[in-house]
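The structure appears right after this line, and notes come after that.
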Amino acid sequence: MISGGSTDGDSNRARKARSRRECLEVDRRGRDEPVISFCPEDLRGVSLPHNDALVIQARVANYDVLRIFVDNGISVNVIFKEALVQMDLHEYQLEALETALFGFAGHAVYPEGEITLLLTMGTGDLRKTVMTVFTVVDASSSYNIILGRPAMNEMRAVASTYHQKIKFPVRGRVGEVKGDQPSSRKCYGEIVRVDQKKARREGKGKENQEEVTRERVVYFVADEEQEVVEIEPGKHVRVARDINTSTRELVGISPEVAEHKLNILPGSRPVKQKKRHFGPEKDKFIEEQVGELLRASHIRELQFPTWLSNVVLVPKSTGKWRMCVDFRDLNKACPKYCYPLPRIDQLLDSTSGCELLSFLDAYQVYHQIPLALQDKDKASFITSGGTFCYVVMPFGLKNAGATYQRLMNHVFQK
(Lines give C-alpha, C1' and ligand atoms only; values in the text may rest on other atoms or scores of the structure.)
Protein backbone atom coordinates (compact mmCIF):
# COMPACT_ATOMS: atom_id res chain seq x y z
CA MET A 1 0.00 0.00 0.00
CA ILE A 2 1.41 3.38 -1.05
CA SER A 3 -0.30 6.66 -0.18
CA GLY A 4 0.49 10.33 -0.67
CA GLY A 5 1.28 12.25 -3.82
CA SER A 6 -1.05 14.80 -5.38
CA THR A 7 -4.02 12.55 -6.11
CA ASP A 8 -6.28 14.48 -3.73
CA GLY A 9 -4.21 17.69 -3.77
CA ASP A 10 -0.62 18.66 -2.99
CA SER A 11 -1.44 20.34 0.35
CA ASN A 12 -3.98 20.19 3.15
CA ARG A 13 -5.82 23.17 1.67
CA ALA A 14 -6.03 21.57 -1.79
CA ARG A 15 -7.25 18.28 -0.33
CA LYS A 16 -9.99 20.02 1.64
CA ALA A 17 -11.08 21.97 -1.45
CA ARG A 18 -11.21 18.79 -3.53
CA SER A 19 -13.28 17.06 -0.85
CA ARG A 20 -15.79 19.93 -0.89
CA ARG A 21 -16.06 19.81 -4.70
CA GLU A 22 -16.60 16.06 -4.75
CA CYS A 23 -19.52 16.43 -2.33
CA LEU A 24 -21.30 18.61 -4.92
CA GLU A 25 -20.36 16.75 -8.11
CA VAL A 26 -22.77 14.34 -9.76
CA ASP A 27 -21.24 11.74 -12.09
CA ARG A 28 -23.69 10.91 -14.88
CA ARG A 29 -21.28 8.73 -16.81
CA GLY A 30 -21.61 5.00 -16.86
CA ARG A 31 -25.37 4.75 -17.35
CA ASP A 32 -24.99 3.37 -20.89
CA GLU A 33 -21.76 1.49 -20.30
CA PRO A 34 -21.67 -2.29 -20.74
CA VAL A 35 -21.63 -4.71 -17.83
CA ILE A 36 -18.12 -5.93 -17.06
CA SER A 37 -17.83 -9.48 -15.79
CA PHE A 38 -15.38 -12.37 -15.70
CA CYS A 39 -16.18 -15.97 -16.60
CA PRO A 40 -14.30 -19.31 -16.84
CA GLU A 41 -13.39 -18.52 -20.46
CA ASP A 42 -11.23 -15.64 -19.22
CA LEU A 43 -8.95 -18.20 -17.57
CA ARG A 44 -7.87 -19.56 -20.95
CA GLY A 45 -4.06 -19.43 -21.12
CA VAL A 46 -3.69 -18.71 -17.38
CA SER A 47 -1.38 -21.03 -15.45
CA LEU A 48 -3.30 -22.32 -12.43
CA PRO A 49 -3.04 -22.33 -9.49
CA HIS A 50 -1.20 -19.04 -9.02
CA ASN A 51 -0.71 -16.03 -6.75
CA ASP A 52 0.86 -13.86 -9.44
CA ALA A 53 0.60 -10.10 -9.57
CA LEU A 54 -1.06 -8.51 -12.59
CA VAL A 55 1.70 -7.25 -14.90
CA ILE A 56 0.68 -5.98 -18.34
CA GLN A 57 1.99 -4.25 -21.44
CA ALA A 58 0.53 -0.91 -22.58
CA ARG A 59 1.36 2.05 -24.79
CA VAL A 60 2.55 5.11 -22.91
CA ALA A 61 3.42 8.33 -24.77
CA ASN A 62 3.68 6.37 -28.05
CA TYR A 63 6.06 3.82 -26.51
CA ASP A 64 5.24 0.16 -25.96
CA VAL A 65 6.10 -0.33 -22.30
CA LEU A 66 6.55 -3.76 -20.69
CA ARG A 67 6.50 -4.62 -17.00
CA ILE A 68 3.60 -2.41 -15.94
CA PHE A 69 2.43 -3.47 -12.49
CA VAL A 70 -1.30 -2.94 -11.82
CA ASP A 71 -1.85 -2.13 -8.14
CA ASN A 72 -5.13 -0.90 -6.66
CA GLY A 73 -3.34 -0.26 -3.37
CA ILE A 74 -1.40 2.79 -4.59
CA SER A 75 -2.87 6.29 -4.64
CA VAL A 76 -0.85 7.54 -7.65
CA ASN A 77 0.51 6.31 -10.96
CA VAL A 78 4.27 5.86 -10.70
CA ILE A 79 6.78 5.94 -13.54
CA PHE A 80 10.35 5.25 -12.54
CA LYS A 81 12.99 7.71 -13.67
CA GLU A 82 15.05 5.05 -15.43
CA ALA A 83 12.08 4.20 -17.65
CA LEU A 84 11.51 7.90 -18.33
CA VAL A 85 15.13 8.22 -19.48
CA GLN A 86 14.81 5.21 -21.80
CA MET A 87 11.68 6.79 -23.31
CA ASP A 88 13.61 10.05 -23.96
CA LEU A 89 11.12 11.96 -21.80
CA HIS A 90 13.49 12.89 -18.97
CA GLU A 91 14.20 16.31 -20.48
CA TYR A 92 10.54 17.33 -20.31
CA GLN A 93 9.66 19.89 -17.67
CA LEU A 94 8.27 18.13 -14.61
CA GLU A 95 5.66 19.76 -12.41
CA ALA A 96 6.83 20.26 -8.85
CA LEU A 97 5.36 18.01 -6.16
CA GLU A 98 5.54 18.71 -2.43
CA THR A 99 3.73 15.71 -0.92
CA ALA A 100 5.83 12.59 -0.39
CA LEU A 101 4.80 8.98 -1.00
CA PHE A 102 4.47 6.76 2.06
CA GLY A 103 4.80 2.99 2.05
CA PHE A 104 3.22 0.33 4.24
CA ALA A 105 5.88 0.79 6.95
CA GLY A 106 5.54 4.58 6.89
CA HIS A 107 8.85 5.34 5.16
CA ALA A 108 8.76 8.36 2.85
CA VAL A 109 9.93 8.69 -0.75
CA TYR A 110 10.13 12.17 -2.26
CA PRO A 111 9.24 12.19 -5.97
CA GLU A 112 11.12 14.08 -8.67
CA GLY A 113 7.86 15.64 -9.86
CA GLU A 114 4.87 14.85 -12.07
CA ILE A 115 4.36 14.43 -15.81
CA THR A 116 1.14 14.00 -17.83
CA LEU A 117 1.29 11.30 -20.53
CA LEU A 118 -1.02 9.46 -22.92
CA LEU A 119 -1.95 5.96 -21.75
CA THR A 120 -3.42 3.50 -24.27
CA MET A 121 -4.70 0.00 -23.47
CA GLY A 122 -6.37 -2.59 -25.67
CA THR A 123 -6.04 -3.45 -29.36
CA GLY A 124 -7.84 -2.62 -32.61
CA ASP A 125 -11.32 -1.17 -32.27
CA LEU A 126 -11.33 -1.94 -28.56
CA ARG A 127 -8.47 0.45 -27.82
CA LYS A 128 -8.89 3.21 -25.24
CA THR A 129 -6.65 6.24 -24.60
CA VAL A 130 -6.68 8.64 -21.66
CA MET A 131 -4.44 11.45 -20.38
CA THR A 132 -3.14 10.54 -16.97
CA VAL A 133 -0.67 11.99 -14.47
CA PHE A 134 2.42 9.98 -13.52
CA THR A 135 4.53 10.62 -10.43
CA VAL A 136 8.23 10.34 -11.26
CA VAL A 137 10.25 8.39 -8.69
CA ASP A 138 14.03 7.99 -8.79
CA ALA A 139 14.41 4.48 -7.37
CA SER A 140 15.47 1.05 -8.58
CA SER A 141 12.63 -1.31 -9.45
CA SER A 142 11.94 -4.36 -11.56
CA TYR A 143 8.90 -2.55 -12.96
CA ASN A 144 8.85 0.38 -15.34
CA ILE A 145 5.46 1.73 -14.29
CA ILE A 146 2.98 1.11 -11.49
CA LEU A 147 -0.62 1.83 -12.48
CA GLY A 148 -2.57 2.90 -9.42
CA ARG A 149 -6.13 3.92 -8.73
CA PRO A 150 -6.04 7.20 -10.73
CA ALA A 151 -5.29 5.49 -14.08
CA MET A 152 -7.68 2.61 -13.37
CA ASN A 153 -10.48 5.03 -12.51
CA GLU A 154 -9.82 7.18 -15.58
CA MET A 155 -9.98 4.06 -17.77
CA ARG A 156 -13.03 2.91 -15.76
CA ALA A 157 -11.23 -0.41 -15.71
CA VAL A 158 -11.80 -3.52 -13.60
CA ALA A 159 -8.85 -5.80 -12.81
CA SER A 160 -8.85 -9.45 -11.79
CA THR A 161 -5.56 -10.87 -10.62
CA TYR A 162 -7.07 -14.35 -10.62
CA HIS A 163 -8.11 -14.09 -14.29
CA GLN A 164 -4.91 -12.14 -15.11
CA LYS A 165 -6.91 -9.61 -17.06
CA ILE A 166 -8.13 -6.00 -17.12
CA LYS A 167 -11.45 -5.08 -18.70
CA PHE A 168 -12.76 -1.59 -19.50
CA PRO A 169 -15.65 -0.02 -21.47
CA VAL A 170 -14.98 1.24 -25.00
CA ARG A 171 -17.86 2.88 -26.91
CA GLY A 172 -20.49 0.52 -25.56
CA ARG A 173 -18.27 -2.55 -25.78
CA VAL A 174 -15.70 -4.17 -23.48
CA GLY A 175 -11.96 -4.01 -24.15
CA GLU A 176 -9.39 -6.06 -22.33
CA VAL A 177 -5.69 -6.48 -21.63
CA LYS A 178 -4.18 -9.81 -20.63
CA GLY A 179 -1.53 -10.16 -17.97
CA ASP A 180 1.96 -11.51 -18.60
CA GLN A 181 2.49 -14.25 -16.01
CA PRO A 182 6.12 -15.11 -16.91
CA SER A 183 7.08 -11.44 -16.65
CA SER A 184 5.18 -11.13 -13.35
CA ARG A 185 7.05 -14.06 -11.80
CA LYS A 186 10.41 -12.81 -13.07
CA CYS A 187 9.84 -9.34 -11.63
CA TYR A 188 8.73 -10.78 -8.29
CA GLY A 189 11.85 -12.95 -8.05
CA GLU A 190 14.11 -9.97 -8.78
CA ILE A 191 12.37 -7.81 -6.15
CA VAL A 192 12.65 -10.49 -3.45
CA ARG A 193 16.37 -10.98 -4.07
CA VAL A 194 17.06 -7.25 -3.94
CA ASP A 195 14.99 -6.78 -0.77
CA GLN A 196 16.76 -9.68 0.97
CA LYS A 197 20.16 -8.16 0.24
CA LYS A 198 18.93 -4.76 1.43
CA ALA A 199 17.53 -6.27 4.64
CA ARG A 200 20.84 -7.98 5.39
CA ARG A 201 22.73 -4.70 4.86
CA GLU A 202 20.28 -2.79 7.06
CA GLY A 203 20.54 -5.49 9.74
CA LYS A 204 24.30 -5.06 9.93
CA GLY A 205 23.88 -1.29 10.02
CA LYS A 206 21.35 -1.60 12.85
CA GLU A 207 23.76 -3.72 14.90
CA ASN A 208 26.47 -1.09 14.46
CA GLN A 209 24.00 1.65 15.42
CA GLU A 210 23.00 -0.23 18.57
CA GLU A 211 26.67 -0.45 19.59
CA VAL A 212 27.05 3.32 19.15
CA THR A 213 23.84 3.93 21.09
CA ARG A 214 25.06 1.81 23.99
CA GLU A 215 28.19 3.95 24.19
CA ARG A 216 26.16 7.18 24.26
CA VAL A 217 24.67 7.70 27.74
CA VAL A 218 21.52 9.81 28.01
CA TYR A 219 20.44 10.84 31.49
CA PHE A 220 18.27 13.29 33.38
CA VAL A 221 20.01 15.78 35.64
CA ALA A 222 18.97 15.29 39.27
CA ASP A 223 18.11 18.29 41.44
CA GLU A 224 21.26 17.90 43.53
CA GLU A 225 23.34 18.14 40.32
CA GLN A 226 21.82 21.50 39.35
CA GLU A 227 22.48 25.03 40.43
CA VAL A 228 20.56 28.29 40.06
CA VAL A 229 22.14 30.92 37.79
CA GLU A 230 21.00 34.55 37.67
CA ILE A 231 20.96 35.64 34.01
CA GLU A 232 19.85 39.20 34.91
CA PRO A 233 18.31 40.87 37.95
CA GLY A 234 15.16 39.00 38.89
CA LYS A 235 15.67 36.23 36.27
CA HIS A 236 17.02 32.83 37.25
CA VAL A 237 17.44 29.50 35.49
CA ARG A 238 18.53 26.04 36.70
CA VAL A 239 21.48 24.45 34.87
CA ALA A 240 23.68 21.42 35.39
CA ARG A 241 26.73 22.00 37.57
CA ASP A 242 29.12 20.44 35.03
CA ILE A 243 27.90 22.51 32.05
CA ASN A 244 30.68 24.24 30.09
CA THR A 245 31.39 27.94 30.56
CA SER A 246 30.37 29.09 27.07
CA THR A 247 26.95 27.48 27.39
CA ARG A 248 26.50 28.76 30.94
CA GLU A 249 26.85 32.40 29.85
CA LEU A 250 23.33 33.08 28.62
CA VAL A 251 23.58 36.49 27.01
CA GLY A 252 20.14 36.67 25.36
CA ILE A 253 19.55 38.09 21.88
CA SER A 254 21.89 40.86 20.85
CA PRO A 255 20.47 43.80 18.82
CA GLU A 256 23.12 42.95 16.21
CA VAL A 257 21.40 39.58 15.69
CA ALA A 258 17.76 40.70 15.78
CA GLU A 259 16.10 44.03 16.49
CA HIS A 260 12.60 45.21 15.69
CA LYS A 261 12.25 48.59 14.02
CA LEU A 262 8.97 50.37 13.33
CA ASN A 263 10.18 52.50 10.38
CA ILE A 264 7.24 54.87 10.77
CA LEU A 265 6.36 56.52 7.46
CA PRO A 266 7.49 60.16 7.19
CA GLY A 267 4.66 62.61 7.71
CA SER A 268 2.60 60.28 9.91
CA ARG A 269 0.83 62.14 12.69
CA PRO A 270 1.14 60.54 16.15
CA VAL A 271 -2.13 59.22 17.60
CA LYS A 272 -2.95 59.30 21.31
CA GLN A 273 -5.93 57.12 22.07
CA LYS A 274 -8.31 58.26 24.78
CA LYS A 275 -8.11 56.01 27.81
CA ARG A 276 -10.71 53.28 27.98
CA HIS A 277 -12.41 52.51 31.28
CA PHE A 278 -12.68 48.98 32.67
CA GLY A 279 -14.41 47.63 35.72
CA PRO A 280 -12.60 47.13 39.05
CA GLU A 281 -12.05 43.41 38.41
CA LYS A 282 -10.47 44.01 35.01
CA ASP A 283 -8.41 46.93 36.30
CA LYS A 284 -6.97 44.66 38.97
CA PHE A 285 -6.05 42.04 36.35
CA ILE A 286 -4.39 44.71 34.16
CA GLU A 287 -2.42 45.96 37.14
CA GLU A 288 -1.16 42.42 37.82
CA GLN A 289 -0.09 41.94 34.20
CA VAL A 290 1.70 45.29 34.13
CA GLY A 291 3.50 44.36 37.35
CA GLU A 292 4.74 41.11 35.80
CA LEU A 293 6.00 42.94 32.70
CA LEU A 294 7.80 45.51 34.88
CA ARG A 295 9.47 42.79 36.97
CA ALA A 296 10.57 41.04 33.79
CA SER A 297 12.01 44.33 32.44
CA HIS A 298 9.86 44.05 29.32
CA ILE A 299 8.32 47.49 29.86
CA ARG A 300 9.22 50.70 31.67
CA GLU A 301 7.27 53.70 32.84
CA LEU A 302 7.10 56.57 30.36
CA GLN A 303 6.32 60.29 30.59
CA PHE A 304 5.25 62.53 27.71
CA PRO A 305 4.57 59.80 25.10
CA THR A 306 4.07 60.79 21.45
CA TRP A 307 2.05 57.70 20.50
CA LEU A 308 -0.34 56.17 23.00
CA SER A 309 -2.50 53.04 22.76
CA ASN A 310 -5.05 51.37 25.01
CA VAL A 311 -4.88 47.92 26.49
CA VAL A 312 -7.50 45.36 25.44
CA LEU A 313 -8.60 42.28 27.39
CA VAL A 314 -9.25 39.28 25.16
CA PRO A 315 -11.12 36.30 26.65
CA LYS A 316 -9.24 32.99 26.41
CA SER A 317 -10.79 29.55 25.91
CA THR A 318 -10.00 28.77 29.56
CA GLY A 319 -12.32 31.55 30.72
CA LYS A 320 -9.44 33.85 31.72
CA TRP A 321 -8.27 37.04 30.01
CA ARG A 322 -5.22 37.95 28.02
CA MET A 323 -3.95 41.52 28.03
CA CYS A 324 -3.13 42.93 24.61
CA VAL A 325 -2.40 46.44 23.32
CA ASP A 326 -4.44 48.13 20.58
CA PHE A 327 -1.61 49.06 18.19
CA ARG A 328 -3.91 49.55 15.18
CA ASP A 329 -3.21 53.28 14.82
CA LEU A 330 0.53 52.74 15.16
CA ASN A 331 0.48 49.83 12.70
CA LYS A 332 -1.23 51.97 10.04
CA ALA A 333 1.79 54.28 10.06
CA CYS A 334 4.28 51.41 9.57
CA PRO A 335 5.19 49.98 6.13
CA LYS A 336 4.85 46.25 5.55
CA TYR A 337 8.04 44.22 5.86
CA CYS A 338 7.84 41.73 2.98
CA TYR A 339 9.77 38.89 4.57
CA PRO A 340 8.76 35.35 3.44
CA LEU A 341 6.76 33.51 6.10
CA PRO A 342 6.34 29.72 6.01
CA ARG A 343 3.04 28.08 5.05
CA ILE A 344 1.68 26.16 8.00
CA ASP A 345 0.05 23.44 5.85
CA GLN A 346 3.34 22.74 4.06
CA LEU A 347 5.21 22.58 7.36
CA LEU A 348 2.70 20.06 8.67
CA ASP A 349 2.86 18.03 5.45
CA SER A 350 6.66 17.91 5.67
CA THR A 351 6.46 16.14 9.06
CA SER A 352 4.47 13.21 7.65
CA GLY A 353 6.37 9.96 7.99
CA CYS A 354 8.88 11.31 10.52
CA GLU A 355 9.71 8.88 13.29
CA LEU A 356 10.36 11.58 15.88
CA LEU A 357 9.07 15.13 16.34
CA SER A 358 10.77 17.58 18.69
CA PHE A 359 8.65 20.44 20.04
CA LEU A 360 10.07 23.67 21.44
CA ASP A 361 7.62 25.86 23.32
CA ALA A 362 9.02 29.34 22.67
CA TYR A 363 6.96 30.91 25.45
CA GLN A 364 6.82 34.72 25.14
CA VAL A 365 9.69 34.54 22.67
CA TYR A 366 8.71 37.89 21.11
CA HIS A 367 9.77 39.53 24.36
CA GLN A 368 13.33 38.27 23.86
CA ILE A 369 13.80 40.51 20.79
CA PRO A 370 14.75 44.10 21.69
CA LEU A 371 12.98 47.11 20.21
CA ALA A 372 15.08 49.71 18.43
CA LEU A 373 16.12 52.50 20.79
CA GLN A 374 14.37 55.21 18.76
CA ASP A 375 11.08 53.23 18.71
CA LYS A 376 10.68 52.25 22.36
CA ASP A 377 8.67 55.34 23.34
CA LYS A 378 6.27 54.78 20.42
CA ALA A 379 5.17 51.31 21.59
CA SER A 380 3.46 52.88 24.60
CA PHE A 381 0.13 52.19 26.30
CA ILE A 382 -2.00 53.66 29.06
CA THR A 383 -3.68 52.00 32.04
CA SER A 384 -5.25 53.17 35.28
CA GLY A 385 -1.80 52.91 36.86
CA GLY A 386 0.04 55.16 34.39
CA THR A 387 1.68 55.15 30.96
CA PHE A 388 4.27 52.57 29.97
CA CYS A 389 6.26 51.59 26.89
CA TYR A 390 7.78 48.33 25.70
CA VAL A 391 11.55 47.97 25.51
CA VAL A 392 11.17 44.59 23.76
CA MET A 393 9.06 43.54 20.78
CA PRO A 394 5.46 42.96 21.95
CA PHE A 395 2.69 40.91 20.39
CA GLY A 396 0.41 42.84 18.07
CA LEU A 397 2.96 45.06 16.35
CA LYS A 398 3.01 45.05 12.56
CA ASN A 399 5.86 42.97 11.07
CA ALA A 400 6.56 41.31 14.44
CA GLY A 401 6.03 37.88 12.86
CA ALA A 402 8.49 38.70 10.08
CA THR A 403 11.12 39.85 12.58
CA TYR A 404 10.70 36.67 14.61
CA GLN A 405 10.85 34.43 11.51
CA ARG A 406 14.05 36.15 10.37
CA LEU A 407 15.59 35.44 13.78
CA MET A 408 14.53 31.78 13.64
CA ASN A 409 16.00 31.40 10.14
CA HIS A 410 19.25 32.90 11.41
CA VAL A 411 19.33 30.58 14.46
CA PHE A 412 18.51 27.36 12.59
CA GLN A 413 20.07 28.00 9.19
CA LYS A 414 22.93 25.56 9.85
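Worth pointing out:
- Spin-label model, K414/A402: points 7 Å from Cα along the beta carbon direction are separated by 2.8 nm.
- Per-pair calculated FRET efficiency, R0 = 56 Å: K332 and L357 via Cβ, rounded to 0.05: 0.90
- Cβ-defined net charge surrounding P270, 13 Å radius [Lys, Arg +1; Asp, Glu -1]: +1
- Count, lysine Cα pairs under 15 Å in the range 328-414, 8 or more residues apart or across chains: 5
- In sequence order, calculated HN-Hα J values of the range 315-327 (Karplus, 6.51, -1.76, 1.60; Hz; x Gly/Pro): x, 9, 5, 7, x, 8, 10, 10, 8, 10, 10, 7, 8
- Using the 1.4 Å probe convention, the accessible area of the range 368-408 works out to 32 Å² per residue with neighbouring protein chains retained.
- Segment E41-R276, extension gain: residue separation times 0.36 nm, minus the distance between their alpha carbons: 75.9 nm
- Residues whose amide H falls under 5 Å from that of V392, counting only those 5 or more places apart or on a different chain, are L371, with hydrogens built in the peptide plane.
- For the range 111-160, the Cβ-based charge dipole about the Cα centre amounts to some 280 debye (Lys, Arg positive; Asp, Glu negative; other atoms uncharged).
The values are calculated or read from the model by the stated rules, or taken from the named source; none is laboratory data. As the structure is a computational prediction, the values presented were derived from the model and not from experiment. We place every Cβ from the backbone using ideal geometry, glycine too, and count neighbours over all the protein chains shown. To get the accessible areas, we keep the full protein, side chains included, count just its heavy atoms, and leave off ligands, DNA and RNA. Shrake-Rupley method; radii C 1.70, N 1.55, O 1.52, S 1.80 Å.
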